[in-house]
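Here is the structure we will look at, set down as structure tokens.
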Ligand SMILES: [Zn+2]
């Protein structure tokens, strides 16, 4: 598949326990990069450190070495669609680190895109090093995220644009409370990724962009 005359490169399993997208891509016979094979085999998120926070890191860890290997596999002319799953109860959404990838987010049939310029990976995510987007879907290894992956693949092959609501992350939620992802909180922010167990915060604060 292509986008703007650039080959699309699918990536899944950057986190080893996020299995549904891997199974979905395999079920369609599509080529993709399996992010963290060792962690995938053990059904754990990572071996030594978060691979999707290891790009451009040189600490000799398994994940830092694997990140460098992945960057050698994926050319700069390619665009990445990098599938993730989350424990957060949420509709599927795209993550961008650069607004110029918004037209790609509009091609995958999701309702929301979240711009993480100052992201939680501190600039060491795959999409900080290659053009592209990440996609977050609910359920590490569930039918819901399996189907959500197939939905993205179908949308990409149909080559139609669907407008998305765009949010920008600007802070973290630290206090327990009653939050619903993508529903504006009375305090004026929109929660994103509330319910994700892998981080040491409750969720992210985002604002709607015009
Ligand atoms: Zn992930």
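Just so you know, all these numbers are worked out from the coordinates, no wet-lab data involved. Bear in mind the structure is a predicted one, so any value in this text is a computation, not a measurement. Because the Cβ atoms are built from the backbone with ideal geometry, glycine has one as well, and the counts that use them run over all protein chains shown.
Here are a few things to note about the model shown:
- Per-residue Cβ neighbour counts within 10 Å put 176, 153, 30 in the sequence 176, 30, 153, beginning with the fewest.
- Length gained on full extension, residue 91 to residue 48, computed as 0.36 nm times the residue gap minus the Cα-Cα distance: 12.5 nm.
- Classification of the range 103-160 by its C-alpha gyration tensor yields an oblate form. The axis ratio a/c (a ≥ b ≥ c) is 1.5 or more, and b/c is at least a/b.
- Across the chain, Cα-Cα pairs more than 22 Å apart make up 46 percent of the total.
- Radius, Kirkwood style, for the range 169-208 when every pair of distinct Cα atoms is counted (Å): 9.9 Å
- Per residue, the convex hull around the alpha carbon atoms of the range 7-106 comes to 120 Å³.
- For the peptides 137-146, 57-66, the ranking by mean Cβ contacts within 10 Å, running from highest to lowest, is 137-146, 57-66.
- The range 59-135, relative contact order in percent, only Cα pairs under 8 angstrom and at least six apart counted: 43 percent
- Overall, the anisotropy analysis places the range 97-210 in the prolate class: the square-rooted eigenvalues a ≥ b ≥ c of its C-alpha gyration tensor yield a/c not less than 1.5, with a/b exceeding b/c.
- With contributions of -39500 (n - 2.57) from each DSSP H run of at least four residues, the per-residue ellipticity at 222 nm computed over the chain stands at -6500 deg cm²/dmol.
- Anisotropy class of the range 61-116 from Cα gyration tensor, a/c 1.5 cut: oblate
- Relative contact order (%) - the chain, alpha-carbon pairs under 8 angstrom, separation at least six: 21 percent
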